[in-house]
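What follows is one structure encoded as structure tokens, with my remarks underneath.
The values are calculated or read from the model by the stated rules, or taken from the named source; none is laboratory data. All figures in this text were calculated on a predicted structure; none of them were measured in a lab. A quick note on method: Cβ atoms are made from the backbone with ideal geometry, for glycine too, and the neighbour counts reach across all protein chains shown.
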Amino acid sequence: MSPAQGIPEVVAVADMQVDVVVDATEELSLDSQTAEKVVTQVKHYFSDANLNHDSYMRKGVAMRDGWVLFSTLIRFNKLRQLVGVPEDPKTEEINARGNKKDKRAPRPPPIAQKYVDLLTATVKGGVSDGDSVEVNDTGIRRKEPFVESGEWFSRTVHVKGLPYGDEPAGIVEGMTEFFAQHGDVTLLRLRRNPKSKAFKGNALIEFATAEQAEAVAQMADLEYSGHKLDIVSLLAYHDEKLAAGDYMHPELRKPGQTYQTFEEWCAANGREVPAQDEKSRGSKKGKEAEKPAPPAKEIVIVPGVLAKFTGVEGEIGVAELKQALSAAGNVKYVEISTGAGEGIVRFKEPIAAQAIEAHAGGLAVEGSEMVLKLEAVDKDEEEAFYERAKAASAIATARNANNNTNKGKRANGHASNGDGGRKTKRTRR
């Protein structure tokens, strides 16, 4: 029975403490199939594969000699659904907000003790002496302490090819079972847009061994739910994005390596950092909000490095564009707006004029019929490009300075969330 992989979505409160209410009016039970799912899911939360990526559970196993209470686990949304805990309007509001910094979100409602008792009995009945976890009347813990490891990176493949947008029901379980035909799946994580949380159509799948992952990465004809999958090792995908100069999202980063923050990457590549939403802008108060931004990193204007390209059709990634444009010279940065048919390429050397002349017939985009045409940028376009680069650099500098100020406050013991210094967890995934 495959667990619903990935980081658990959970509604909980400070220090992993939760409220329960006594309600003995009804005796509850689960059918054998659901009980098996509950036990499998709980064991998964304590697995090495999950703990490598789940900071909430890592905090849990580091407290109380490793014991995590069943009254805490019952808050995990997947377990709530399996055990049958009724939805509450307050819980739905917390899930909808999904912002741990939003102090206006209500305290999670208490859960009836009967559901905690049902979870306790189910897990106690499903854990055996040979398992890697042990249970008592109130909680569960690992038998061996967790030691974080970076070995997961070599055991992971990157999968793309599914539709962008809403997450299909049961996709985690379905994909886990599908790939289990080709290896021992230890973790499946769906990739989501950091801001909208929309499913990107991509997934990261970790196998028990690097050999299994490599074998799956070589499969060129796999289809899932009618969609042909593009599968590569995470290392290969990582290196491709690194070579293309793309921003490296946290879930793709190689353990032990240092990467640019998104703001730093935007500043280095002449891109504008997306504006903060109104709530974020309004959260700065007093002197911190009034402090002038420090001088932005100077953007060096180099004549002859910019060229316009046209001929973009449909959806295409920056990496693919950069690969095609690299036939004309070493590319430092590619700028294109979503849905636009044209963009600007910045070469590392002032070769724009020679590139335009040498490739007058266009540049083919591998895997498509698209042909990119290079054109000279006019003075206004060049000035606008560098203005955007300067603005992005200023925003990144200001944000980095603000982050450093906040770090200093925490180091001096001044950080507080208005609740006596305790931190309240909100909806997580």
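With respect to residue 375, determine if the residue is surrounded by 13 or more Cβ atoms within 10 Å (Cβ to Cβ), at pLDDT 90 or above and either among the acidic types (Asp, Glu) or in the same structural domain as residue 77 (by TED's automatic domain parsing) (or both).
Criteria met by residue 375.
For segment 78-98, give me each residue that is under 23 Å from residue 117 (Cβ atoms) and at pLDDT below 90.
86, 87, 88, 90, 91
So the check is Cβ under 8 Å with 6+ separation or different chains; which pairs have a first residue in segment 228-249 that's at positive phi and a second one that's of a type outside the set (A, V, I, L, M, F, W, C) and not in a helix (DSSP H, G or I)?
245/269; 245/332; 245/333
Return the total of residues in segment 139-184 being farther than 25 Å from residue 253 by Cα, hydrophobic (A, V, I, L, M, F, W, C) and either part of a loop (DSSP other than H, G, I, E, B) or free of Cβ contacts under 8 Å to residues at least 24 places away in the same chain (or both).
1
Quick check, is residue 389 touching a Gly at 6+ places or on another chain (Cβ under 6 Å) and modelled with pLDDT under 85?
yes
Select from segment 57-73 the residues that are assigned to a helix (DSSP H, G or I) and buried (at least 19 other Cβ atoms within 10 Å of the Cβ) and list them in ascending order.
Residues satisfying the conditions are 57, 60, 61, 66, 70, 71, 72, 73.
Quick grid of which residues meet (1) in a helix (DSSP H, G or I); (2) of a type in the set (Lys, Arg); (3) modelled with pLDDT of 90 or more:
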residue: 238; (1), (2), (3): yes, no, yes
residue: 279; (1), (2), (3): yes, yes, no
residue: 308; (1), (2), (3): no, yes, yes
residue: 325; (1), (2), (3): yes, no, yes
residue: 333; (1), (2), (3): no, no, no
residue: 338; (1), (2), (3): no, no, no
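Which condition breaks for residue 340 when tested against (1) crowded, with 18+ Cβ neighbours inside 10 Å; (2) within 32 Å of the chain's Cα centre (by Cα)?
Going through the list (1) crowded, with 18+ Cβ neighbours inside 10 Å; (2) within 32 Å of the chain's Cα centre (by Cα), residue 340 breaks only (1).
Checking the structure you have, find out if any residue of segment 197-206 is closer than 23 Å to residue 154 by Cβ, assigned to a helix (DSSP H, G or I) and in contact (Cβ under 8 Å) with a residue 60 or more places away in the chain.
Checked segment 197-206: no residue is closer than 23 Å to residue 154 by Cβ, assigned to a helix (DSSP H, G or I) and in contact (Cβ under 8 Å) with a residue 60 or more places away in the chain.
Given the options 244, 203, 213, name the one that is in contact with a helix residue (DSSP H, G or I) (Cβ under 9 Å, 6 or more places away or on another chain), more than 30 Å from residue 37 (Cα to Cα) and small (Gly, Ala, Ser).
Going through 244, 203, 213 in turn, the sole match is 244.
Return the residues of segment 31-62 that are farther than 20 Å from residue 119 by Cα and hydrophobic (A, V, I, L, M, F, W, C); say none if nothing qualifies.
49, 51, 62
Given the conditions (1) surrounded by fewer than 16 Cβ atoms within 10 Å (Cβ to Cβ); (2) in a helix (DSSP H, G or I), and given that residue 367 satisfies all but one, which numbered condition is not satisfied?
(2)
For residue 161, state whether it is of a type outside the set (Asp, Glu) and on the phi > 0 side of the Ramachandran plot.
yes
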